[in-house]
Amino acid sequence: MSHYQRIACLSTESVEVLYALGAEEYIAGISGYTTRPARARAEKPKISGFSSAKLDRIFAVQPDLVIAYSNMQAEMSRDLISAGIEVHAFNQRDVAGILRMIAVLATLVDRQEQGAQLIASLQQQIADAKTQAAQWTRKPKIYFEEWDSPMMSCIGWVSELISIAGGEDAFADLAQHHSAKERIIADPDEVVLRAPDIIIGSWCGKKFRPETLAERAGWQQIPALKNSRVLEIKSADILSPGPSAITHGLPQLQKMIADWQQGYK
C-alpha cells in the first residue's frame with residue numbers, strides 16, 4: 001500500500017518514474033512539460049510549468065504529497081509547505097542521484113521491487129555503454145550547449161553520460177556547478193580555444209538551430225564545424241534528470257561518438 005494516494009508531480013522525471021513503477025494511479029497532476037510516457041498527457045491534469053505554477057491548480061487536485069525538483073522550484077515548494085502540503089524536493093545532479101531518486105520514489109509508493117528492477121536495468125545499460133567505449137583509444141571532445149543566449153554548457157548528469165559514452169566534456173569544469181548561472185560561457189572564444197570535435201545542441205524548451213553556430217565569430221575553425229559534427233539531442237531525451245536521460249539520451253551520445261570514431265578508420 002502506498003504511503004500516499006494523491007501525488008502532484010511538478011517535474012517530468014517523477015511522472016516518468018511513477019509510470020515505470022506501475023504506480024500511475026497515485027498521480028493526481030503532472031507538469032505541463034511531461035512527455036513520457038505520452039499517455040500521461042491525456043490521462044492526468046496539467047498543474048504546473050517548471051519554475052512557475054498557479055497554486056490553486058495544484059490545490060485543486062488535492063495532493064497529499066507534492067514532488068518537486070531543484071532550487072528552481074524552491075519558491076513554489078515554500079508556498080505549498082506554508083499552505084500545509086507535504087513536499088519532497090529532489091535535487092539530483094548526477095547519474096547516482098537519478099538512481100537514488102528512483103529508489104526513494106519507489107519506497108514512497110511501496111514499489112521497492114519494481115524500483116530495484118528499473119535501477120538494475122539502467123545500471124546494465126550504463127555498463128554496456130562503458131564496455132563499448134572501452135574499445136576506443138580516442139575520446140572526442142564534446143561541447144554540449146544547453147542554451148544559446150547566454151551560452152550555457154551542460155549540467156552534471158549530461159557531462160557524466162558523455163564520459164560514459166566514451167567522450168570528454170569540453171567544459172567538465174563547469175558541469176560540477178549546481179547553479180545554471182555558473183555554467184554560463186561568457187566568452188564564445190573559450191569554445192574556440194577548447195576546439196571540440198563534436199558540438200551537441202539541446203536548447204531546453206526551443207528548437208536547436210545548428211546553422212547559427214557558424215555565424216559566431218571564429219567558430220568556423222572549430223573541428224566540429226569543419227567536419228559537420230554539429231548535432232542535436234532533444235532536451236526531453238537528456239535534460240530531464242530521470243530514466244530517459246539514460247534510456248534515450250545515452251544511446252544518442254553513443255551513436256554520435258561511434259560515428260565520430262568511424263572517421264579514424
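Quick note: the coordinates plus some simple rules give every number you see, no bench work behind them. Computed from a predicted structure; not experimentally measured. Cβ coordinates were reconstructed from backbone atoms using ideal geometry, including for glycine residues, and neighbour counts include every protein chain displayed.
Using C-alpha pairs below 8 Å separated by at least 6 residues, the relative contact order for segment 1-91 is 29 percent. From the alpha carbon centroid of segment 66-95 to that of segment 189-265 is 31 Å. If you wrap the chain in the convex hull of its Cα atoms and look at it from every side, the mean projected area works out to 14.1 nm². Working from Cα pairs under 8 Å separated by at least six residues, relative contact order for segment 124-262 is 26 percent. Summarising the label geometry, the points placed 7 Å from Cα in the beta-carbon direction at Asp64 and Ala258 lie 4.6 nm from one another. The slack between Asp128 and Glu113, meaning 0.36 nm per residue of separation minus the straight C-alpha distance, is 3.1 nm.
Residues in segment 183-192 carry Karplus couplings, in order, of 9, 6, 9, 6, 10, x, 5, 5, 5, 4 Hz; the curve used is 6.51 cos²θ - 1.76 cosθ + 1.60 with θ = phi - 60°, and Gly or Pro positions show x. Between the amide H of Ile200 and those of Tyr143, Phe144, Glu145, Leu231, distances stay under 5 Å, these residues lying 5 or more places away or on another chain, with hydrogens modeled in the peptide plane. Compared with the direct C-alpha span, the chain from Arg209 to Ser228 gains 5.5 nm at full extension, assuming 0.36 nm per residue.
Residue by residue, segment 105-110 carries 3J(HN,Hα) couplings of 4, 4, 5, 4, 10, 6 Hz when phi is fed to the Karplus relation 6.51 cos²θ - 1.76 cosθ + 1.60 (θ = phi - 60°); x denotes Gly or Pro. For Met152, neighbours were defined as the other residues whose beta-carbon sits under 11 Å from its Cβ, and their charges (Lys and Arg +1, Asp and Glu -1) total -2. Sorted from longest to shortest, the spans of the Cα atoms of segment 1-91 along the three principal axes equal 31, 28, 25 Å.
Short-range pairs are left out: with C-alpha atoms under 8 Å and at least six residues apart, the relative contact order of the chain is 16 percent. Charge dipole of segment 22-180 (Cα centre as origin; +1 on each Lys and Arg Cβ, -1 on each Asp and Glu Cβ, all else neutral): 260 debye, rounded to the nearest 20. Applied to segment 153-170, the Karplus parametrisation 6.51 cos²θ - 1.76 cosθ + 1.60 on θ = phi - 60° returns per-residue 3J(HN,Hα) values of 8, 7, 6, x, 5, 5, 4, 5, 5, 4, 5, 4, 6, x, x, 10, 5, 5 Hz, with x for Gly and Pro.
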